[in-house]
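The values are calculated or read from the model by the stated rules, or taken from the named source; none is laboratory data. What you are looking at is a predicted structure, and each value in this text was computed from that prediction instead of being measured. Cβ placement follows ideal geometry from the backbone for every residue including glycine, while neighbour counts extend to all protein chains displayed. To get the accessible areas, we keep the full protein, side chains included, count just its heavy atoms, and leave off ligands, DNA and RNA. Shrake-Rupley method; radii C 1.70, N 1.55, O 1.52, S 1.80 Å.
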Amino acid sequence: MQIRDIVITGEPVLHRPAALVDHIGDDIRALVDDMFATMELAPGVGLAAPQIGVSLSLFVYDWVDDDDVQHRGVAINPTLMLDPLAVTPLDEDEEIEGCLSVPGERFPLRRSDRVTLTATDLNGNEYTTTAHGWLARIFQHEYDHLLGIVYTDRLVEPYFSESRDAISDAGWGTPGSSWLPGRDHLEG
Ligand code: ZN
């Protein structure tokens, strides 16, 4: 098990679709172990393989809800079905999102409140799960990473421009930036 560097927006692997996983072997199991350890240390509630520079279609998540129920899993080659977005005004406090690949920044973003995830687990079994609220947000965020979409790509104004400025001010948005959880004290 190894803590992996997390690449920062601008790194090309974050901005292109990930390849499907065609075989679940020891290499994928080791990758998933690394991803859980890296996510835990960061800390974060989700991590997609492209965020550690691996262009494969899988993500991990680990989140404890308000009722102390833990939602933890691996989604390999996932697909996601989304309920329509609400059209109410954006709540800047409740609908705030961050990303380990845009560390230290948070911006409001409307997400679907209910999604259905279908994916393969580490044993090669397909599963389907429906998520609401924050877990639905996590699934949408991580699934986007597998499509080559960073959440800042989806922001509306003025947040979109604010995020561009923050990324530019940090010296990101071009290839070559990363950080290592446990060494560099940044957060998602
Ligand atoms: Zn992210």
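Below is a table of values for the structure above.
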quantity: Residue among 16, 29 that is under 24 Å from residue 179 (Cβ atoms) and at pLDDT 95 or above; calculated: 16
quantity: Every pair of residues 6+ apart whose Cβ atoms lie under 6 Å, when the first sits in the stretch 25-47 and is part of a helix (DSSP H, G or I) while the second is more than 16 Å from the ligand (Cβ to nearest atom); calculated: 32/74; 33/1; 34/2; 37/1; 37/3; 38/3; 41/3; 41/182
quantity: Residue tally, condition open to solvent by 50 Å² or more (accessible area, probe 1.4 Å), assigned to a loop (DSSP other than H, G, I, E, B) and among the charged types (D, E, K, R), over the stretch 110-152; calculated: 1
quantity: Residue match in the stretch 101-121 (condition: out of contact with any His (no Cβ under 9 Å at 6 or more places or on another chain) and at positive phi); calculated: yes
quantity: Members of the stretch 111-158 that are within 11 Å of the ligand (Cβ to nearest atom), of a type in the set (A, V, I, L, M) and out of contact with any strand residue (DSSP E or B) (no Cβ under 7 Å at 6 or more places or on another chain); calculated: 149, 150
quantity: The stretch 48-60, residues that are open to solvent by 20 Å² or more (accessible area, probe 1.4 Å), in contact (Cβ under 8 Å) with a residue 40 or more places away in the chain and on the phi < 0 side of the Ramachandran plot; calculated: 54, 55
quantity: Long-range neighbours under 6 Å by Cβ, at least six apart or interchain, first residue free of Cβ contacts under 8 Å to residues at least 60 places away in the same chain within the stretch 122-147, second within 14 Å of the ligand (Cβ to nearest atom) and open to solvent by 20 Å² or more (accessible area, probe 1.4 Å); calculated: 137/111
quantity: Any pair with Cβ under 7 angstrom, 6 or more apart, that starts in the stretch 90-103 at a residue that is closer than 21 Å to residue 165 by Cα and ends at one that is among the polar types (S, T, N, Q); calculated: 100/51; 101/9; 101/51; 102/9; 102/152
quantity: Test: residue in the stretch 71-85 that is more than 16 Å from the ligand (Cβ to nearest atom), out of contact with any helix residue (DSSP H, G or I) (no Cβ under 8 Å at 6 or more places or on another chain) and farther than 22 Å from residue 147 by Cβ; calculated: yes
quantity: Test: residue 187 is modelled with pLDDT under 95, open to solvent by 60 Å² or more (accessible area, probe 1.4 Å), in a loop (DSSP other than H, G, I, E, B) and of a type outside the set (S, T, N, Q); calculated: yes
quantity: Output for the stretch 74-109, where each listed residue is assigned to a loop (DSSP other than H, G, I, E, B) and buried (at least 18 other Cβ atoms within 10 Å of the Cβ); calculated: 99, 100, 101, 102, 103, 105, 109
